[in-house]
């Protein structure tokens, strides 16, 4: 009813509070209905509906700049900023992005998708505002999980020092803030346990307990009030010490309170932090009960809260079950992840071996160096982080792991094209950014059985190891009963050929085998090599292939720049071997969002695309 009348934020300013509350209900209904059909980030977006409406009601976007940290909670924002009629295309081929996108709308201040950068963006905009004497307001909305990222603290420190005119809205959805602020509470604990305070407390305890009749009860009440006070004061003290004016906490689902507070805050200048308490999944029972599962969901049945398609075994599942089995065999094995225990398949490991599981929050840099230190003491850490997020730990991998040749196993989930989450989440750069690091061993399995054996073999090499595997369902091959050691740096010749050899790494090896069969039927002798080690390259097998065949085609679901194919060319050059080589991979560009299959088809990484490219190549000669 009310949503029909809303096209842009100026339209909601005409509504009263009661009408705004109805609008929030309609927005929630649209989000739930849409995500049920498209998949997407549900819990986080449902949790900030009132906050989003209040922000657009009080502020004047796009003049005022709104920055969403991570950006997966921006669905209500999109609905209110001219994209309501296209919202049904969310995350679909040719549709709107699931994250803020500057190309998509002038209301999207910055393309986001990774955590902890919103405050840095806000501080930069505030400094630029000073230079050009503009008067817009700048808001950064950051969740409690993203706040624990080191970059956020660097920006807070800078903002306080520079007295940046920004408003940071801390969206505390009570998922991780208690743990994060709990660490900060040591500040107050030091104060409360100081010598003077401690002595005074002990004297007061004795006096209170000795009061006839109600001393013991009064003491318990006083103790309770002390703990409550600590919980309320710590966040405020921390941010005020950094130079921020702290406001809150306030109820993030109370529009009256939000609008009144935002109006007051809008009048103030300088760095200000507004602490808002929200509930993840608000308004949808299943998401409220299990916000982690409904954080990112496939298509689901709204009434039942269940996926529409039967869940099949994925590479993530295989990783999780394999590491669990290895841990049962070896008590030195531990696992580390960065706020993604469910997404990386480690939830069951965490339950079975809670004392050997470390979720260190959104802090990939810390995760890598922390794991390196664990390894120094003889432990065997498996560090499970999405490929796209591991990019943030580049320096730690290079300096804290590879330089010192410390054996750890980096498990890169979502390697390659991930699909609907788009350019911020495609894991198509890992082979390139890892391959040039000295001492690094890089593996990519062709199927789930090989993934198991790679995980088993990783610590036999005595080197830093990275294993990258894709998002999605496994090949369905038969699993070995026992683990098998894979000799370091060895490839497999799966099919011989003389006209052309395809050397592929990762699960695209299976497409290469299908292509070889099709070409064989056309009289083209096509060989296939499983280039399972991206580094070190198997020089012996490569030389053998180069002497048997007239040409080589490399396949990889990674950037063509500096990737697997580039490594093959370098190795051929090292051996002074000259023959025609063609590379197929991700071109030197950012891929958009869309289904995995459509994106692979776009860059010729399907059977049909590879086959067509080979035919064109052969025709030219």
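The values are calculated or read from the model by the stated rules, or taken from the named source; none is laboratory data. Please read all numbers here as calculations on a predicted model, not as lab measurements. FYI the Cβ positions are ideal-geometry reconstructions off the backbone, even for glycines, and counts take in every protein chain you see.
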| request: For residues that are surrounded by fewer than 14 Cβ atoms within 10 Å (Cβ to Cβ), out of contact with any helix residue (DSSP H, G or I) (no Cβ under 8 Å at 6 or more places or on another chain) and farther than 17 Å from residue 352 by Cβ, scanning just the range 309-333, find the one that is modelled with the highest pLDDT. | output: 312
| query | Among the listed residues 438, 445, 407, which satisfies the condition of being at pLDDT 95 or above, over 15 Å from residue 506 (Cα atoms) and surrounded by 20 or more Cβ atoms within 10 Å (Cβ to Cβ)? | reply | 407
| message | Just checking: which of the helices (runs of 4 or more DSSP H) contained wholly in the range 131-194 hold 1 or more residues that are under 24 Å from residue 291 (Cα atoms), at pLDDT 50 or above and not assigned by TED's automatic domain parsing to the domain that holds residue 393? | response | 144-147, 150-162
| Taking the stated definitions as given, is residue 31 more than 20 Å from residue 283 (Cα to Cα) and either outside any loop (DSSP other than H, G, I, E, B) or in contact with a helix residue (DSSP H, G or I) (Cβ under 9 Å, 6 or more places away or on another chain) (or both)? | no
| Within the range 259-269, can one find any residue that is assigned to a loop (DSSP other than H, G, I, E, B) and farther than 28 Å from residue 59 by Cβ? | no
| said: For the range 542-558: of the residues being in contact with a helix residue (DSSP H, G or I) (Cβ under 8 Å, 6 or more places away or on another chain) and not in a strand (DSSP E or B), which is nearest to residue 582 (Cα to Cα)? | reply: 551
| field | Failed condition for residue 101, given (1) under 21 Å from the mean Cα position of the chain (by Cα); (2) crowded, with 24+ Cβ neighbours inside 10 Å | value | (2)
| query | Can you spot a residue in the range 411-424 that is part of a helix (DSSP H, G or I), on the phi < 0 side of the Ramachandran plot and out of contact with any helix residue (DSSP H, G or I) (no Cβ under 8 Å at 6 or more places or on another chain)? | reply | no
| field | Unmet criterion (only one of (1) more than 19 Å from residue 418 (Cα to Cα); (2) surrounded by fewer than 20 Cβ atoms within 10 Å (Cβ to Cβ); (3) touching a residue at least 12 places away in the same chain (Cβ under 8 Å)) for residue 481 | value | (3)
| said: Whether any residue in the range 608-618 is within 26 Å of residue 468 (Cβ to Cβ), assigned to a strand (DSSP E or B) and without any contact (Cβ under 8 Å) to a residue 40 or more places away in the chain is what I want to check. | reply: no
| note | Scanning the range 323-361 residue by residue, those part of a loop (DSSP other than H, G, I, E, B), in contact with a strand residue (DSSP E or B) (Cβ under 9 Å, 6 or more places away or on another chain) and within 23 Å of residue 295 (Cβ to Cβ) turn out to be 338, 339, 340, 341, 343, 344, 345, 346, 360
| message | Exactly one of these conditions fails for residue 373: (1) surrounded by fewer than 17 Cβ atoms within 10 Å (Cβ to Cβ); (2) in a loop (DSSP other than H, G, I, E, B). Give me its number. | response | (2)
| Before we move on, is residue 549 modelled with pLDDT under 95 and more than 30 Å from residue 425 (Cα to Cα)? | yes
| message | Among the residues that make up the range 1-19, is at least one of them modelled with pLDDT under 95, within 16 Å of residue 141 (Cβ to Cβ) and part of a helix (DSSP H, G or I)? | response | yes
